[in-house]
There are 2 protein chains.
Amino acid sequence: MRTAEQVGKLVDRWRSAGRRIGFVPTMGALHKGHLSLVSLALREADRVVVSIFVNPTQFGSGEDLGSYPGAFNEDLAKLEKAGVHCVFSPSVDEVFPDGFSTSVNVSGLTETLCGKYRLEHFNGVATVCAILFSIVKPDIAVFGRKDAQQLAVIRRMVDDLRFSIDILAGEIIRECDGLAMSSRNSYLNSSERKQASVIYRGLSRATELVSEGERVAERIYDAVREVIGTAPLATIQYLELVDPVTMMPVEKLTTPALLAVAVYFGHTRLIDNVILNR
Amino acid sequence: MRTAEQVGKLVDRWRSAGRRIGFVPTMGALHKGHLSLVSLALREADRVVVSIFVNPTQFGSGEDLGSYPGAFNEDLAKLEKAGVHCVFSPSVDEVFPDGFSTSVNVSGLTETLCGKYRLEHFNGVATVCAILFSIVKPDIAVFGRKDAQQLAVIRRMVDDLRFSIDILAGEIIRECDGLAMSSRNSYLNSSERKQASVIYRGLSRATELVSEGERVAERIYDAVREVIGTAPLATIQYLELVDPVTMMPVEKLTTPALLAVAVYFGHTRLIDNVILNR
């Protein structure tokens, strides 16, 4: 479906029939990570809508909006095979019509991690999700844990603006060598791709250290940086231990905390994370 | 009712019974202007919720949050007499619980008129209205035309974030001498109050000029300033002719336009407006 009106009518019919509606927002270029979110939605809801919308307002200037991978026909085939009931793929004008002037901003938890480097990103994400939630009116919506800060932002917004939606989190799905699945992995050349597994090895070293009793963020950072440093093509943008809800920095592990990392390989920026002291 | 949960349950029951729900958000200190909005809601809906909530986030620092008039018991009596079905009067913590971090911002049409002088005001209004709309889930909501820019902001936000709510506008209700009713009129001392009728006389002079054929904003401003200038206690903050939807300045009347004015009498800031070339 291409228009909000079509989707609105469909979900109204489902709702009248007492169906529980699940929603998975995506930017397309679907991989097994996305499909695991779709499976979760299909388990938890009677009818599932997946949106495919490359939202321009969540890309900064100089980011990869123009080259973001697209594979619409393949995406549709995957979603049909998975058993999705509706794919909503609106145009930019359908979501942001002429005169559109509203933005939804979540402060505080957008100021660490990715928020420091992608200033307008989370405002773009929060705004488009508010719009999509209003169109689809789902009972549940599923987001991946790879985008941990996005998940926290969406949960905060849903609580604050009182959307009646349960936000479910899907686990990170990884390639055989541990690289977190991402549509942006397709940007990597073969040597970058080989070295990219270092990110997960670094995070795993942190898990190991914590299981041995380490609690100090700085010492965990040192160990992870050492592992990631073995890949000559890797440049760490940030490596930070934060509270998983507020995204505020944590210096010493006392409760579960999120160790989040962003690493550049050439122009490609990859993010990953792990919960420590779970 | 004091909590969102109570109101949510009540309106869910009404909705299940097929009732059309109307909503009038207020800050209390109710006068005949508010009551005319309530009447409009009662005519257009089966069940009407009125909120009384003095929203701290729509007052700037140095504004009159601390002294804003309150008359809770009188307000309740007036609303009961009017036939309102529910009064929602939440605490600040109920609307903005610990950790609240989200704001809804409407750009463009908040940058003229009051927006120039009350920088955070419309973000506060848009955010609290988004929250109240999510709690009450009304079919219609009624706002007064006296706050013309607020009306435009709410309409824009409702369109952009796709709330399924019809926004209705209530006409400005005036005292016998033409002063627009406002809770803030109670701040005026007797000489200020006497002179305050000059605002409406100024706007009426504009209507008269336009009916005689005048179309140039600057000449209309001159005439209105001359009338308002006859009140020694009046200081004009702004006087501007704008498009009623976009709030963008209009130099020459070709279509209906909003002539909006803000005038200080001592510390009291009064606003009023009229549609010209209707």
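The values are calculated or read from the model by the stated rules, or taken from the named source; none is laboratory data. These numbers were taken from a predicted model, which means no experiment stands behind them. Every residue, glycine among them, receives a Cβ derived from its backbone with ideal geometry; neighbour counts consider all protein chains shown.
Going by what's in this entry, would B:PHE143 be described as buried (at least 21 other Cβ atoms within 10 Å of the Cβ) and outside the structural domain of B:MET248 (by TED's automatic domain parsing)?
yes
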Test each condition in (1) in the same structural domain as B:ASP243 (by TED's automatic domain parsing); (2) free of Cβ contacts under 8 Å to residues at least 24 places away in the same chain for B:ALA231 and report the one that comes out false. (2)
Does the stretch A:91-112 contain at least one residue that is free of Cβ contacts under 8 Å to residues at least 60 places away in the same chain, more than 14 Å from chain B (Cβ to nearest Cβ) and part of a loop (DSSP other than H, G, I, E, B)? no
Members of the stretch A:12-39 that are more than 15 Å from the chain's Cα centre (by Cα) and closer than 29 Å to A:HIS121 by Cα: A:ILE21, A:GLY22, A:SER39
Inside the stretch A:55-64, can you point out the residues that are closer than 19 Å to A:HIS31 by Cβ and surrounded by fewer than 17 Cβ atoms within 10 Å (Cβ to Cβ)? A:ASP64
Scan the stretch A:248-278 residue by residue and report those that are closer than 14 Å to A:VAL198 by Cα and among the polar types (S, T, N, Q). A:ASN273
Could you look through the stretch B:74-84, keep only residues that are crowded, with 19+ Cβ neighbours inside 10 Å and not β-branched (Val, Ile, Thr), and pick out the one that is nearest to B:PHE59 (Cα to Cα)? B:ASP75
Return only the number of the condition from (1) more than 20 Å from A:THR268 (Cβ to Cβ); (2) modelled with pLDDT of 95 or more; (3) crowded, with 20+ Cβ neighbours inside 10 Å that A:VAL92 does not satisfy. (3)
So for the stretch A:160-167 (the condition being in a loop (DSSP other than H, G, I, E, B) and farther than 20 Å from A:PHE23 by Cβ), does at least one residue qualify? no
Look through the stretch B:163-178, keep the residues that are within 30 Å of B:VAL198 (Cβ to Cβ) and free of Cβ contacts under 8 Å to residues at least 40 places away in the same chain, and return whichever of them is farthest from the other protein chains (Cβ to nearest Cβ). B:CYS176
Name, by its number, the condition in (1) more than 14 Å from chain A (Cβ to nearest Cβ); (2) farther than 22 Å from B:PRO56 by Cα that does not hold for B:ASP160. (1)
Is there a residue in the stretch B:24-47 that is over 22 Å from B:SER134 (Cβ atoms), in contact with a Ser or Thr (Cβ under 6 Å, 6 or more places away or on another chain), outside any helix (DSSP H, G or I) and of a type in the set (A, V, I, L, M)? yes
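Would you mind finding the one in A:ILE135, A:ILE131 that is touching a residue at least 60 places away in the same chain (Cβ under 8 Å), of a type outside the set (Lys, Arg) and within 11 Å of chain B (Cβ to nearest Cβ)? Outline the logic, then answer.
Numbers: A:ILE131 fails: touching a residue at least 60 places away in the same chain (Cβ under 8 Å).
One residue alone meets the criteria, A:ILE135.
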Failed item in (1) of a type outside the set (A, V, I, L, M, F, W, C); (2) touching a strand residue (DSSP E or B) at 6+ places or on another chain (Cβ under 9 Å); (3) surrounded by fewer than 19 Cβ atoms within 10 Å (Cβ to Cβ), with A:GLU226 passing the rest: (2)
